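These notes are about the structure you will find just below.
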Amino acid sequence: MEKYDVVVIGSGPGGYVSAIRCAQLGLKTAIVEKYNTLGGTCLNVGCIPSKALLDSSEHFKTALHDFDKHGIDINTPKVNLPKMMTRKEEVISQTCDGVQYLMEKNKIKVYHGMGSFVDKNTISINGEKNDKIYGDNIIIATGSKPNFFPGMEPDKKRIITSTEALSLKEVPKHLIVIGGGVIGLELGSVYGRLGSQVTVVEFQDGLLPTMDKTLGKELMKILKKEGFKFLFNHAVQKVNSTKDGVQLDVKNKKGEIISVEGDYCLVAVGRKAYTEKLGLENIGLETDKAGRVITNDHLQTSVKNVYAIGDVVKGAMLAHKAEEEGVFVAELIANQKPHIDYNLVPGVVYTWPEVAAVGKTEQELKESNVDFKVGQFPIRALGRARASMDIQGLIKIISDATTDEVLGVHMIAPRAADLIMEAVVAMEYRASAEDIARICHPHPTYSEAVKEAALAATESRPLHI
Ligand code: FAD
Ligand code: NAD
């Protein structure tokens, strides 16, 4: 039996990054992946393909609606969905090949097959070859799968999850999305831009319920202008497949059942940790109520040499959170003293404009009785925004009422996914709003809105409004 210092199960952003860091630290490392390609949900059916389609559909929308305003005459553009999907597939395979290359470069042995615990050090691999390998340390990085509730079971044809939505063969006429969270709004945006009517059925009273309320409200206004329809406070009771579509029974706030019909229904009500066939019972590991592997603050399970990271454990289901945890565990195994500040894990929604946030929301600060100040600046007041005709959104900075330390930054803006990093760096160094306000920002850029919001938070003294 081949012996390793570390065996990683799962090759998503948590697993493959952890394997690289282990190898960098001189640990003999193997990674086990049940699929033929490496990269997990993120590279194969998550972050990367969704961003490829978001970019393609945004180009289409710009060509259709905005080229004319820029003084560019073109024939009316048409969607070539098969070609768009082929480009997406190419992006996926290049990115997955990149991970394969990184495994080879770092001399990490890759096993393809379903990994399962025989005992706390032995993993059997049920694949083309039935291997058994030994690991001094095992890292569980088996990720997550789409969740659904009774009555909305995906048939993967008309009632679909994000995985099928990333490979549809036609643009739906009417896409019904259950869940106004990240997946619903990103994939709803893709098909909305390509011509679908999109209706979002959401259980709660607004979009992105876990983010600062300002963001959900602002994004709702923007998406409504794009043609999205929203049914808030509506609970889906049953989704039925019809001959060429779907029919939903939905309970409204008054308790009445209404019928909503479309040709596809995307179920996007969250994801659940994936531990099937992992053999956790063979080493006495239990999962919590949500099915997640239970770990302590060091991401260590109750079996000392077994760790778990990423979507399969508690916390935000984000690729960069999984990566940080992968590095954390590798360094811990190598007897270092790593640290993760979960408060500073940024969250992004890749609509257009993008939504991004880090730190505490206004609601959270109110709940914990913290006195704070808020500075807000609209994107439309920027010269850069007018030049680019990208004027929607705002930046909101929340700082401590007494010390002015930045406690949370929430934004909707073009390229907010990149802009948020200024806030993350500032907060990592415990900057005050005034620290950000006194930094020279290049003109004309969207980053000037960060400075202006910081000026607004410091002493209500933005310069350009
Ligand atoms: P995963 O990426 O799920 O990888 C787990 C791997 O383990 C899989 O390859 C699986 O096949 C393998 N595996 C499972 N069990 C076994 C076993 N027993 N043996 C062998 N292999 C096994 N996050 C972001 O931060 N940004 C985004 O833009 C973003 N977009 C997303 C878009 C969509 C449509 C979806 C669905 C998700 C998106 N996410 C995004 C979330 C992100 O994909 C996940 O948070 C991330 O992939 C989690 O990484 P992970 O390594 O924990 O698990
Ligand atoms: P989510 O938790 O973001 O949103 C689910 C939404 O569904 C919530 O608004 C919730 O109120 C609603 N909901 C739940 N049950 C419902 C019901 N019965 N009827 C109607 N609405 C209901 O989950 P998601 O959008 O499925 O995404 C799953 C995970 O994937 C998230 O944790 C997210 O972090 C990750 N992800 C991240 C990105 C990104 O970082 N850009 C992109 C896609 C996915």
Inspect all residues belonging to the range 22-30 and state whether any of them is touching a residue at least 24 places away in the same chain (Cβ under 8 Å), out of contact with any Phe, Trp or Tyr (no Cβ under 6 Å at 6 or more places or on another chain), within 16 Å of ligand 1 (Cβ to nearest atom) and under 29 Å from Gly192 (Cα atoms). no
Have a look at Glu218, Glu186 and point out the one that is part of a helix (DSSP H, G or I), of a type outside the set (Val, Ile, Thr), within 16 Å of ligand 1 (Cβ to nearest atom) and within 20 Å of the chain's Cα centre (by Cα). Glu186
Checking Glu354 against (1) of a type in the set (D, E, K, R); (2) more than 12 Å from ligand 1 (Cβ to nearest atom); (3) closer than 30 Å to Lys221 by Cα, the condition it does not meet: (2)
Kindly check whether there is at least one residue in the range 333-344 that is modelled with pLDDT of 95 or more, surrounded by fewer than 23 Cβ atoms within 10 Å (Cβ to Cβ) and part of a strand (DSSP E or B). no
When you go through (1) over 26 Å from Asn80 (Cα atoms); (2) within 16 Å of ligand 1 (Cβ to nearest atom) one by one for Thr242, which number turns out not to apply? (2)
Filter the range 188-201 down to the residues that are closer than 22 Å to His410 by Cα and near ligand 2 (Cβ under 9 Å from one of its atoms) and list them by number. none
Those residues that are outside any strand (DSSP E or B) and aromatic (Phe, Trp, Tyr), I need them from the range 133-159; list them, please. Phe148, Phe149
What do you reckon, is Arg292 closer than 24 Å to Gly347 by Cβ, without any contact (Cβ under 8 Å) to a residue 24 or more places away in the chain, within 12 Å of ligand 1 (Cβ to nearest atom) and surrounded by 15 or more Cβ atoms within 10 Å (Cβ to Cβ)? yes
Considering every residue within the range 201-223, establish whether at least one is surrounded by 18 or more Cβ atoms within 10 Å (Cβ to Cβ), in contact with a strand residue (DSSP E or B) (Cβ under 8 Å, 6 or more places away or on another chain) and small (Gly, Ala, Ser). no
Could you list all residues from the range 94-129 that are farther than 16 Å from Val7 by Cα, touching a residue at least 12 places away in the same chain (Cβ under 8 Å) and exposed (fewer than 15 other Cβ atoms within 10 Å of the Cβ)? Glu128, Lys129
Options Thr361, Thr351, Thr403; residue that is within 29 Å of Phe67 (Cβ to Cβ) and either of a type outside the set (A, V, I, L, M, F, W, C) or surrounded by 21 or more Cβ atoms within 10 Å (Cβ to Cβ) (or both): Thr351
Filter the range 174-183 down to the residues that are outside any loop (DSSP other than H, G, I, E, B) and within 14 Å of ligand 2 (Cβ to nearest atom), then identify the one that is farthest from the chain's Cα centre (by Cα). Ile176
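The values are calculated or read from the model by the stated rules, or taken from the named source; none is laboratory data. Just so you know, these numbers come straight off a predicted model, no measurement behind them. Here the Cβ is made from the backbone with ideal geometry for all residues, glycine too, and neighbour counts use every protein chain on show.
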